[in-house]
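Have a look at the structure below, then the notes.
Values in this text are rule-based calculations from the coordinates and carry no lab data. Nothing here was measured: the structure is a model prediction, and the numbers come from that model. Cβ: placed from backbone, ideal geometry, glycine included. Neighbour counts: every protein chain shown.
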Amino acid sequence: MSVLIIVESENKLLKRNAAEVASYGVAFAEKLNISCAALAFHATNANELGQYGVAKVIHVSNVSTHFDANAYANAIHGFASQNNVTHIIMGSSADAKFIAPLLAAKLNAGYAPNVIALPDELSPITVKRTAFTNKAFVHTQLLTACTVIGVGNNAFGVIENPVTCTVKEVDAENSDSNLEQVAIEKTTGKATIADADVVVSGGRGLKGPENWHLIEELAEVLDAATACSKPVSDMGWRSHDEHVGQTGKPVSTNLYIAIGISGAIQHLAGVNSSKVKVVINNDPDAPFFKAADYGVVGDAFEVVPKLTQKLKAFKALA
Amino acid sequence: MNILVCISHVPDTTSKINFIEANTVFESRDVQYVINPNDEFGLTRAIWFKEKLGAQVHIIHVGTPKSDPTLRKCLAIGADKAFRINTPALDGVSVAQELAAFVKSNPYDLIIAGRESIDYNGAMVPGMLAALLDIPFVPNCVGLDIDGTTAVAEREIDGGREKLKGSLPMVIGCQKGLVEESDLRIPNMRGIMQARQKPFEIVPPQEAIAATQDVKFEKPAEKAEVKLVPAEDLDQLIDLLHKEANVL
């Protein structure tokens, strides 16, 4: 029995979420008192996982350099079945959620996504995860010998635990692809909703797309991703990929700032798992105030530029 | 072209979520059930293929007769035939296995499912189904074009989009963007009347075994009262975020 932590990389470097997934995997293996290793594709800095307690990394580089879910799942499957891996720990990125079900089916494994804590029971392994789009939690038993666990973003945190880390190059035997990448478009140099620490989100209260510079300027100071409410994306003020909420993207950041968003139940569901929520709205009865940690009742057109200025000054001092 | 759309039957997005029997059972009383929104985007795209390319659109669901009104609604919107595999949906693995067994004996060119259901948010059935059938899978799908036996599907990735090309049959897990909210159809009287005449087949289950079991639910802790900061004193807000919340 052993634990295999799947970490993601991009442009030959580990992705930011690797630290949290590794921290969870190491703590999980400790709790079960079994060994653990991490598996990375094309990551030149894979040894940095030693910072989070990973002593052994399997590095695979004879697979496609761009992400290929089926090929990567085949490679992980091959390695796991030859090395008596019983528990696979992954993240919650779009790519991790692409691989996990393919892998679980190939391994005949039970799969628990959106897990937020270490198992509360070990026999059978029982994990707590979010359900009903963050309106509730569920404790799920994994009934299979082999399991796949998806760790929710910013749910467990990073644990620094430096150890010596060795990286072993291993060739994947079977990495067949069944899809061909024909194009990829990616915003560069800008934080994305999936991996930003802070998200600044705007709603109908901003009155029109021409006022979005208010959101963007505040986001820039905070190194934050920008997002929007459903009506804003439905009206075409902002593109779909910024829509957060029940039918949009889930957000689980450390700080979520909602500006001119009333807080419909569907929107709140999407942002509930963010740690700290700040609301700026001119309507003191907006439902979002009931779900927020901090609130400012005021006109966004006055409050937001002022806040941006003050944060600039604060950041300059820090 | 034959398209199969997998349908989940879920509590409406406005539902209050409560549990009964010592938090082991979801309280479905007074809850309005709907077609899972992600599945509805897929169904709408399938009906577009029916109208433009003459595709046949079938829907399938794993569940009990309680879901039948939701499936009838899919027929009223424009699906040609409904199948219900007659067993409670236990977990993602067992549902994927039931669906895979059905598709192995009833092949389709394209299988469309929602990215995830909005109740358990597993996002696992479409991918598992594709893996069990050993055919390509594209999740978070926001664009889909079919040319003969080739499909080009666009998926949303963190911070962008990726276009993937593969051969049919294929499974896609779709979301908003594949069609717009304004493209969704509300069943009209004619559709509702026609739906009553459309074939609706009950399929005996394989009795697939679940790999996971949900044993207990929990509601989030009650939120402490919001701390209001006067609009004139934003320094206080920065101070709270910095020192109390520790997020700056």
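Observations on the model:
- With all projection directions averaged, the alpha carbon convex hull of the protein assembly as shown covers 25.4 nm².
- Over the residues of chain B, the helix contribution to mean residue ellipticity at 222 nm works out to -8000 deg cm²/dmol, using -39500 (n - 2.57) for each DSSP H run of at least 4.
- Set of aspartates and glutamates with alpha-carbon distance to residue A:168 below 15 Å, sequence-local pairs under 8 removed: A:48
- Angle in degrees between helix B:92-105 and the longest Cα principal axis of chain B, rounded to the nearest 10: 20 degrees
- Restricting region A:169-245 to GluC sites (Glu not before Pro) in coil, as DSSP defines it, with at most 13 other Cβ within 10 Å: A:173
- Low-density loop positions, chymotrypsin sites (Phe, Trp or Tyr not before Pro), region A:1-49 - DSSP coil, at most 10 other Cβ in 10 Å: none
- Within a Gaussian network of chain B (alpha carbon springs, distance under 10 Å), most fluctuating of B:232, B:98, B:51: B:232
- Separation of alpha-carbon centers, region B:196-218 and region A:122-147, rounded to whole Å: 19 Å
- Peptide A:288-301, shielding by other chains (average Cβ, 10 Å cutoff): 4
- Unsatisfied cross-links (Cα-Cα over 26 Å) in the set A:306/B:219; B:81/B:176; A:249/B:81; A:290/B:66; A:128/B:227; B:50/B:163: A:306/B:219; A:249/B:81; A:290/B:66; A:128/B:227
- The helix-only estimate of mean residue ellipticity at 222 nm for chain A, built from DSSP H runs of length n ≥ 4 each weighted as -39500 (n - 2.57), is -8500 deg cm²/dmol after division by the residue total.
- Pairwise inverse Cα distances across chain A, averaged and inverted, put the Kirkwood hydrodynamic radius at 20.9 Å.
- Ranked list, fewest to most other Cβ atoms within 10 Å of each Cβ, for A:122, B:178, B:228, A:142: A:122, B:228, A:142, B:178
- Region B:234-248 and region A:172-225: distance between their alpha carbon centers, rounded to Å: 25 Å
- Only beta bridges with both residues in region B:2-215 are counted; by DSSP, about 40 percent of them are antiparallel.
- At an R0 of 35 angstrom, the distance between the Cβ atoms of residue A:306 and residue B:222 translates into a FRET efficiency of 0.65.
- Candidates B:238, B:59, B:146, ranked by Gaussian network fluctuation over chain B, Cα under 10 Å, top entry: B:238
- Degrees between helix B:68-77 axis and first principal axis of chain B (Cα, 0 to 90, nearest 10): 70 degrees
- Global form of region A:2-169, assessed from the alpha-carbon gyration tensor, a/c cut-off 1.5: rounded
- Averaged over the residues of peptide B:34-43, the number of Cβ atoms from other protein chains lying within 10 Å of each residue's Cβ is 1.
- The alpha carbon gyration tensor of region A:198-317 gives principal lengths a ≥ b ≥ c with a/c below 1.5, which makes the shape rounded.
- Here the 3J(HN,Hα) profile of region A:110-125, calculated from phi with Karplus coefficients 6.51, -1.76 and 1.60 at θ = phi - 60°, is x, 10, 10, x, 6, 7, 10, 8, 5, x, 8, 9, 10, 9, x, 4 Hz, Gly and Pro shown as x.
- Choice from A:178, A:45, A:108 with maximal GNM fluctuation in chain A (Cα, 10 Å cutoff): A:178
- Model label sites at residue B:147 and residue A:145, defined 7 Å from Cα along the beta-carbon direction, differ in position by 4.7 nm.
- Whole-Hz couplings from phi, Karplus 6.51/-1.76/1.60, listed for region B:198-212; x for Gly and Pro: 6, x, 9, 9, 9, 9, x, x, 7, 6, 4, 9, 6, 9, 9
- The protein assembly as shown: antiparallel DSSP beta bridges as a percent of all, rounded to 5: 35 percent
- Amide H contacts of residue B:123 (H built 1.01 Å from N, under 5 Å, at least 5 apart or other chain): B:117
- Amide H to amide H, with H built 1.01 Å from N, residue A:9 comes under 5 Å of A:15, A:41, counting only residues 5 or more places away or on other chains.
- Counted charge near residue A:303, where neighbours are those whose Cβ lies closer than 12 Å (Asp, Glu -1; Lys, Arg +1): -2
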